[in-house]
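Q: Just dropping this structure here.
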Amino acid sequence: MFAIGKNRGLSDRKLIEHLKGSSQYQLFCCIFLGPEKLDVKLLWECVDWLYGQMKLTCKNLKLPTPRTKYLQQKEKYFTYMRMRKKHLSLTVKRTRNLLHLLDKLLRLQEKIEDQQRIWVKFPEKFYTKKRVIRKVLTQQKQMFQTKKTVPDRVVSIAKSYVRPII
């Protein structure tokens, strides 16, 4: 069981460090920072958020939504997540497909923004989240190609300041 009273007076930075180092805090906060399925889940979060934003943008501008393989990848992702044992070959396949889809979605979103620059004004939160997603994409591509971890790795698009436990 966890004693909340013993951690009174910790600053935000110390709490984040404690979160990174304590599996009990992770369970309490419903965050698991383990390395197993993190890459695929993180990539899917990025793809899902970006596709939703692109769909809303196209709807508001009365443009047709660009063709992507989002729906097929969504079905494959949920099938993958329902599996009890996730084999390395399937994880590599999912990661490769999600990296490709995320790259394509970023390019499509930028194309829509460039073409409709006069009518499109996004809030600052959109651009910060998009920067985090771009950073996730570059980090995940580097990790996929080199099979090594990167420093200051992003593990959540909602909380980009949280780092994995080492």
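Q: Anything in the stretch 133-165 that is in contact (Cβ under 8 Å) with a residue 24 or more places away in the chain and over 12 Å from the mean Cα position of the chain (by Cα)? List them, or say none.
A: Correct list: 141, 143, 144, 161, 162, 163, 164, 165.
Q: Looking at the stretch 99-141, which of the residues that are in a helix (DSSP H, G or I) and among the polar types (S, T, N, Q) is farthest from residue 40 (Cα to Cα)?
A: Initial filter on the stretch 99-141 (in a helix (DSSP H, G or I)): 99-115, 124-141.
Cutting the leftovers down to among the polar types (S, T, N, Q) gives us 109, 115, 128, 138-140.
Values: 109: 21, 115: 31, 128: 21, 138: 14, 139: 13, 140: 10 Å.
Checking each candidate, the answer is 115.
Q: Does residue 78 qualify as being surrounded by 12 or more Cβ atoms within 10 Å (Cβ to Cβ) and in a helix (DSSP H, G or I)?
A: Values: surrounded by 12 or more Cβ atoms within 10 Å (Cβ to Cβ): no; in a helix (DSSP H, G or I): yes.
For residue 78, the condition - surrounded by 12 or more Cβ atoms within 10 Å (Cβ to Cβ) and in a helix (DSSP H, G or I) - is not met.
Q: Something else about it: With respect to residue 51, is the statement that it is within 17 Å of residue 157 (Cβ to Cβ), at pLDDT below 95, assigned by TED's automatic domain parsing to the domain that holds residue 118 and not β-branched (Val, Ile, Thr) true? Break it down into steps so the answer makes sense when it comes.
A: Working: within 17 Å of residue 157 (Cβ to Cβ): yes; at pLDDT below 95: no; assigned by TED's automatic domain parsing to the domain that holds residue 118: yes; not β-branched (Val, Ile, Thr): yes.
No: the conditions fail for residue 51.
Q: Continuing with the same structure: Regarding residue 134, is this residue modelled with pLDDT under 85, closer than 24 Å to residue 59 by Cβ and charged (D, E, K, R)? Give the steps one after another, and end with the answer.
A: Working: modelled with pLDDT under 85: no; closer than 24 Å to residue 59 by Cβ: yes; charged (D, E, K, R): yes.
Criteria not met by residue 134.
Q: Here is a follow-up. Regarding residue 128, is this residue farther than 29 Å from residue 59 by Cβ, out of contact with any helix residue (DSSP H, G or I) (no Cβ under 8 Å at 6 or more places or on another chain) and exposed (fewer than 13 other Cβ atoms within 10 Å of the Cβ)?
A: Values: farther than 29 Å from residue 59 by Cβ: no; out of contact with any helix residue (DSSP H, G or I) (no Cβ under 8 Å at 6 or more places or on another chain): yes; exposed (fewer than 13 other Cβ atoms within 10 Å of the Cβ): yes.
In short, no.
Q: Right, something else. Quick one: in the stretch 49-62, which of the residues that are at negative phi and without any contact (Cβ under 8 Å) to a residue 12 or more places away in the chain is surrounded by the most Cβ atoms within 10 Å (Cβ to Cβ)?
A: Just the residues of the stretch 49-62 that are at negative phi, to begin with: 49-61.
With without any contact (Cβ under 8 Å) to a residue 12 or more places away in the chain added as a condition, the list becomes 52, 55-56, 59-60.
Working: 52: 11, 55: 13, 56: 11, 59: 10, 60: 11.
In this case the residue turns out to be 55.
Q: A further question follows. Quickly run through the stretch 116-126 and pick out the residues that are farther than 18 Å from residue 51 by Cβ and without any contact (Cβ under 8 Å) to a residue 12 or more places away in the chain. Working first, answer last.
A: Within the stretch 116-126, the subset farther than 18 Å from residue 51 by Cβ is 117-119, 121, 123-124.
Within the stretch 116-126, 117, 118, 121, 123, 124 meet the criteria.
Q: Continuing with the same structure: Quick one: would you say residue 141 is over 26 Å from residue 80 (Cα atoms), surrounded by fewer than 19 Cβ atoms within 10 Å (Cβ to Cβ) and at pLDDT 90 or above?
A: On the way: over 26 Å from residue 80 (Cα atoms): no; surrounded by fewer than 19 Cβ atoms within 10 Å (Cβ to Cβ): yes; at pLDDT 90 or above: yes.
No; evaluated as a whole, the condition is false for this residue.
Q: Residues in the stretch 29-37: is at least one at pLDDT 65 or above and assigned to a loop (DSSP other than H, G, I, E, B)? It would help to see each step written out before you state the result.
A: Narrowing the stretch 29-37 to residues at pLDDT 65 or above: 29.
Now restrict to residues that are assigned to a loop (DSSP other than H, G, I, E, B): 29.
Yes, that holds for at least one residue.
The values are calculated or read from the model by the stated rules, or taken from the named source; none is laboratory data. No experiment lies behind these values; they were computed from the predicted model shown. Positions of Cβ are generated from backbone atoms using ideal geometry, with glycine treated the same way; all protein chains shown enter the neighbour counts.
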